[in-house]
Amino acid sequence: MIKVGIIGATGYAGGELVRLLAGHREAEIVWYGSKSYIDKKYADVYRNMFEVVEDSCLDDNMEALAKKADVIFTATPQGFCASVMSEEILSETKVIDLSADYRIKDVSVYEKWYGIEHKSPQFIDEAVYGLCEVNRGAVKGARLVANPGCYTTCSILTAYPLAKEGIIDMRTLIIDAKSGTSGAGRGAKLPNLYCEVNENIKAYAVASHRHTPEIEEQLACASGEETVISFTPHLVPMNRGILTTEYASLRKAVTDEEVKAIYDHYYKEETFVRVLERDVCPETKWVEGSNYVDINFKLDQRTNRIIMMGAIDNLVKGAAGQAVQNMNIMFGLKESEGLKLVPMFP
């Protein structure tokens, strides 16, 4: 059994990790780390875990946890993992970080967009960007995995095949994204109160969202050219889900069949990426509670653009599910172990 520790186990992503790992046949959680709930029974924090989890919450001592766990998930705010990471920890355990601390390779870009000093830049080059469908080979031998963000996972996978094949002009990419409120975390914030969110939809962090450089960096790696995007996220009154609608100019004339063949080439063997049938648009309700990514596209011959669409559950494929998928790859397990979740409906 893989011994697992979770730091930040009482946040939304941490709670989702606990839910997924409870059904994992090869993993056992040995540490429910939560600075806010030390010594409180985990099932008293999340009542859905009553008679499922008997343990109490522990602290966030990574050094002590590294001696007990084969892998540590850090579902923590930006800056925490970088502030405690050390060679001693990585020599004793593997780390999958769900924050942005090791996702961006240029430390100056990270510090600019996140507004904090990076405390352990010496590990940035070693960290593997854990987008499983793209970096599976590198993840296998990693000690430190930077689990991608939710907006970025959906945005990148939706455009990746066409960026890789040079079909779209990477200077024209516009990403319009919408997220449920769980993406903002469990902490109490005025903009996320029921009366603020219900019966409302709003754009936020316009032209300044901190996932922007992450998307640009990864799509630049795919396309081999500088990528500058316009990214606008929106908050919608639902618990879970991300829907991205992406627009880009075509570099050459292509048919529906040619584009579909490109997507199938990249994703036909991927368990968790579903390329939909023609004219079927992705919807968040058909991926809710699952690790699936639903993707499709529409050619707009009138404007010489292509419209790419993707949908994920932000807490599963956008966070905890992808983290478990990375763990499975790192330990040589079947990639779908613990993740065979049929989307919930209604």
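Dividing the alpha-carbon radius of gyration of region 174-305 by 2.2 N^0.38 Å (N being the number of residues), what value is obtained? Show your work: numbers first, answer last.
Values: Rg = 16.7 Å, N = 132, 2.2 N^0.38 = 14.1 Å.
Normalised by 2.2 N^0.38 Å, the Cα Rg of region 174-305 equals 1.19.
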**Prompt:** Given +1 on the Cβ of Lys and Arg, -1 on the Cβ of Asp and Glu, and no further charges, what dipole in debye does region 2-126 carry about its Cα centre, rounded to the nearest 20?
**Reply:** 340
**Item:** Volume in Å³ per residue [convex hull over Cα atoms, computed for region 177-223]
**Value:** 99
**Request:** Find, among the chymotrypsin sites (Phe, Trp or Tyr not before Pro) in region 180-241, those assigned to loop by DSSP (not H, G, I, E, B) with at most 13 other beta-carbon atoms within 10 angstrom.
**Result:** Tyr204
**Prompt:** With labels modelled as points extended 7 Å from the Cα through the Cβ direction, what inter-label distance (nm, one decimal) is found for Leu190 paired with Lys35?
**Reply:** 2.4
**Asked** What ranking of Arg47, Arg210, Arg240 emerges when the number of other C-beta atoms within 10 Å of each C-beta is taken as an exposure proxy, fewest first?
**Response** Arg47, Arg210, Arg240
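If the only charges are +1 at each Lys and Arg Cβ and -1 at each Asp and Glu Cβ, what is the size of the charge dipole of region 151-314 around the Cα centre, to the nearest 20 debye?
Values: 18 positive and 24 negative charges, 79 e Å.
I would put it at about 380 debye.
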**Prompt:** Hey, if you drop one equal point scatterer on each alpha-carbon of the chain and run the Debye formula without solvent, what base-10 log of I(q)/I(0) do you get at q = 0.07, 0.10, 0.13 Å⁻¹?
**Reply:** -0.28, -0.57, -0.99
**Fill in**
Placing each pseudo-label 7 Å from Cα in the direction of the beta carbon, Ser249 and Ile307 end up separated by a distance in nanometres of 2.0
**Prompt:** Can you give me the pair-distance distribution of region 256-346, C-alpha pairs, 10 Å bins, whole percents?
**Reply:** 16, 42, 29, 11, 1
**Fill in**
Taking the alpha-carbon centre of each part, the distance from region 140-162 to region 216-248 in Å is 12
**Asked** Dividing the Cα convex hull volume of region 33-107 by residue count, how many Å³ per residue is that?
**Response** 103
**Contact order relative to length of the chain, as percent, for alpha carbon pairs under 8 angstrom and 6 or more apart** = 17
**Fill in**
Note on region 57-214: alpha-carbon gyration tensor, axes a ≥ b ≥ c; rule is a/c under 1.5 for rounded, else prolate if a/b larger than b/c, else oblate; result oblate
**Message:** Give me log10 I(q)/I(0) at q = 0.28, 0.33, 0.35 Å⁻¹ for region 296-339, Debye formula, one equal scatterer per alpha-carbon, no solvent.
**Reply:** -0.90, -1.04, -1.09
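Above 19 angstrom, tally the Cα pairs of region 2-126 and express them as a % of all pairs, no decimals. Write down the numbers at each step before the final one.
Numbers: 3661 of 7750 pairs.
That fraction is 47 percent.
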**Prompt:** What Rg and what Dmax come out for region 81-132 when only alpha-carbon atoms are used, in angstroms?
**Reply:** 10.8, 32
**Message:** So for each of 318-327, 247-256 I average, over its residues, the number of other beta carbons within 10 Å; can you give me the resulting order with the highest mean first?
**Reply:** 318-327, 247-256
**Fill in**
Scoring only Lys, Arg, Asp and Glu (+1, +1, -1, -1) among other residues with Cβ under 12 Å from the Cβ of Leu235 yields +2
**Item:** Too-long pairs where the Cα-Cα distance tops 26 Å, listed order kept, from Lys68/Lys140; Lys140/Lys178; Lys35/Lys202; Lys3/Lys35; Lys105/Lys140; Lys140/Lys164
**Value:** Lys140/Lys178; Lys35/Lys202
**Prompt:** At 222 nm, what helix-only mean residue ellipticity would the chain give, in deg cm²/dmol to the nearest 500, using -39500 (n - 2.57) for each DSSP H run of four or more?
**Reply:** -8000 deg cm²/dmol
**Complete:** Sparse-neighbourhood loop hits (chymotrypsin sites (Phe, Trp or Tyr not before Pro), region 7-94; DSSP loop; Cβ within 10 Å at most 14 others) -> Phe50
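FYI, it's all coordinate maths here, none of it is from the lab. Since the model is a prediction, treat every value here as computed from it, not as a measurement. Neighbour counts are summed over all protein chains in view; Cβ atoms, including those assigned to glycine, are modelled from backbone coordinates with ideal geometry.
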